[in-house]
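Everything on this sheet refers to the single structure shown next.
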Amino acid sequence: MIRNPAPFAHREITPQEHFRLHFYAAVSWLLGGLACSLGGLEEALHAFPFLQGYLDELRAQGRNPLAPGEADWWNQTLRGEAQAPVHLPLRAVRVWAGLEPAALTLWMAAGLLEEDPRFGLVFEALQGTAGQPHPTFGLLEAWGRGQGEEPRPVLLRLLELGWLGVANPEAPRLGWALQVSTLLWDAVQGQAPVSGVGLRYAPPETLTPLERLVLPEPLVAKLHGLLPLLERREVQTLVLRGPRHGGRRTLAGALARALGWGVLEVHEPPDWRLVGPLAMALQALPVVVRHLGPGETLELPEHDGPWALALGQQGGATGLGRAVTLGLTLPTPEERREHWKRALGEADEGLGDFAEQLGGFAERYRLTGGQIRRAATLARTEAALAGESRVGLEQVRQACCSLGRQALETLAAPLPPAGDWTLLAVSDETRRQLQSLERRIRHRERLGGAAGVAFAGSLGVGVRALFSGPSGTGKTLAARLLAQSLGLDLYRLDLSRVVNKYIGETEKNLEQTLSLAEELGILLLLDEGDALLTQRTGVHSANDRYANLETNYLLQRLESFEGLLIVTTNASERMDSAFQRRMDLSIEFRLPEAAERQTIWELHLPAEHRLSPELLHTIARRCALSGGQIRNAALHALLLALDEEGVVRDVHLEAAVRQEYRKLGQVCPLRS
């Protein structure tokens, strides 16, 4: 038999074969220690017959388990690694951690039973620990002596790196039962981590090529200049900030593919220490996806290679090293049109009657590229369920309305559409201001490019409006009608779910809601906004200080808000003046005049009523009720009529009006 042939001779150098060589090195080390413990190799084979197969394989490789050192075998292994034409995960993680071959052997020995559970019987017998098949710290330390490096520091280093874990941390250190990280154990064999552990691997061929992305030309040029910097490690961290489903992960994947890497998407890993070695083993770019709240900080672990962080607009990170930050904004109408075409197919193939209205639709719904693709998938599903080969406009619209509904409805409630502007009885001035608000929303993306040079960089796409006036004057109804006219969904912020007694939680909830409103292109209604937008006060206690911090956060967030927000209040004097200055429009709703009250009554009374025109005119002229009060009175009159023949008559309406005045604690101006 040829003594100590080159371990890689006549072998195909693959990650699996490379792992197998190191695995058998650990088996050889175990056999040598076992022979010393039991008095010889024959005694060891008699106690554990399954080891004969491993011994035969070792001898076929030219290894002698009883020979000390085996330094020449390791030297040949290292030379073979250097000549390997493929990526070897085990070598990559060993070099990344700066470990010697002896340290790798100790780690492999702790993981022998991951490949063959019968090794657990060996460890149980040697340690006298029935039911605990993992080797102890003391056993590996004792057997590791004579391998060229003191084993205790090596084992402690492996524990520090997270490569080894302790199954019984309550035991003394020498009695610690050591087990390998199964995630890393699989990765060094070339296997991707299983889903459901906060990690997701995507190989290069599944990632979108950079040239297929819909991006602005300046950003594309910057990305091409960034690629060589990432490859040479001159840029250690790439920070991508933008909205959810805004292309951050897709962009990171495109850069990784251009460099020949995969992507290891990191959400909530079981052990952050393993992210670096897993990325090295899989030859992947780790992309950490987090949406941090205001003031939150993400601490990155050690990693000798580039990172990518997919973050929102809030929060920060430490340990970035040499970092480059790219901000991804929502796509322009032209870019959104291209996203729709790619998501649904060309006009003659998949767009159906949606093709004719694609331009207006893309301009109306300000969605991210990822949201457009999600909506396209939902629309195609709806079309298939309806037995149609191509999607229609209504199917696409319904798909857009369902995006993010579950996440948003935890903090806000949807309001149904209300009809058209004919249902709103307000003064001419209020109506003109509402029409101006509608125009501002429709042209918000064109406004910045068409304005004069004095507006350069100061006109955002966000629109913030304040509706002020007494209760029941039509503020919420106007918001519903505005959403209906624009074809947008309207959500009302639920203050009971947003406001939290714990410090910082209210800001996090507000940030989540405002971000979703920006990304989904909805109209957000903050009803009774003076409860949140209150005036700042002098600091006399800790409560005052934190209340002012909350107000300051809202002031800053509204300044950068790029969505659509309507704030209603019937106590505008309690609002901080800084909030009112940040509103693009302030519309006042006054109590209706007699003619407006007449219109409101006619809108709310059933068409088949038998009311005398004189009584209706008298009530509209003499009873100065708000629109909400008129609505309540009309409903009460109908209920009284339903107890009889179902037709509203004078007696019913007069009784309903008197009931409304009793609720107010006032004297009804109608004669008895």
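The values are calculated or read from the model by the stated rules, or taken from the named source; none is laboratory data. Being a predicted model, the structure only gives us computed values, none of them experimental. Glycine gets a Cβ as well: all are built from the backbone with ideal geometry, and neighbour counts include every protein chain shown. Note: areas computed on protein heavy atoms with side chains; ligands, DNA, RNA excluded. Shrake-Rupley method; radii C 1.70, N 1.55, O 1.52, S 1.80 Å.
Annotations for the structure displayed:
- Screening residue 553 on (1) under 26 Å from the mean Cα position of the chain (by Cα); (2) modelled with pLDDT of 80 or more shows it passes everything except condition (2).
- Residue match in region 110-130 (condition: open to solvent by 30 Å² or more (accessible area, probe 1.4 Å) and aromatic (Phe, Trp, Tyr)): no
- All conditions but one from (1) over 30 Å from residue 162 (Cβ atoms); (2) in a helix (DSSP H, G or I); (3) open to solvent by 20 Å² or more (accessible area, probe 1.4 Å); (4) at pLDDT 80 or above apply to residue 94; the one that does not is (1).
- Helices (runs of 4 or more DSSP H) fully within region 598-672 counting 2 or more residues that are among the small types (Gly, Ala, Ser), surrounded by 15 or more Cβ atoms within 10 Å (Cβ to Cβ) and within 50 Å of the chain's Cα centre (by Cα): 627-642
- Qualifying residue in region 417-430 (condition: part of a helix (DSSP H, G or I), of a type outside the set (Gly, Ala, Ser), within 23 Å of residue 462 (Cα to Cα) and at pLDDT 85 or above): yes
- Scan of region 366-384 for residues that are outside any helix (DSSP H, G or I) and open to solvent by less than 10 Å² (accessible area, probe 1.4 Å), ordered by number: 367, 368
- Restricting region 494-531 to residues that are open to solvent by less than 60 Å² (accessible area, probe 1.4 Å), closer than 21 Å to residue 480 by Cβ and not in a helix (DSSP H, G or I), the residue that is modelled with the lowest pLDDT: 494
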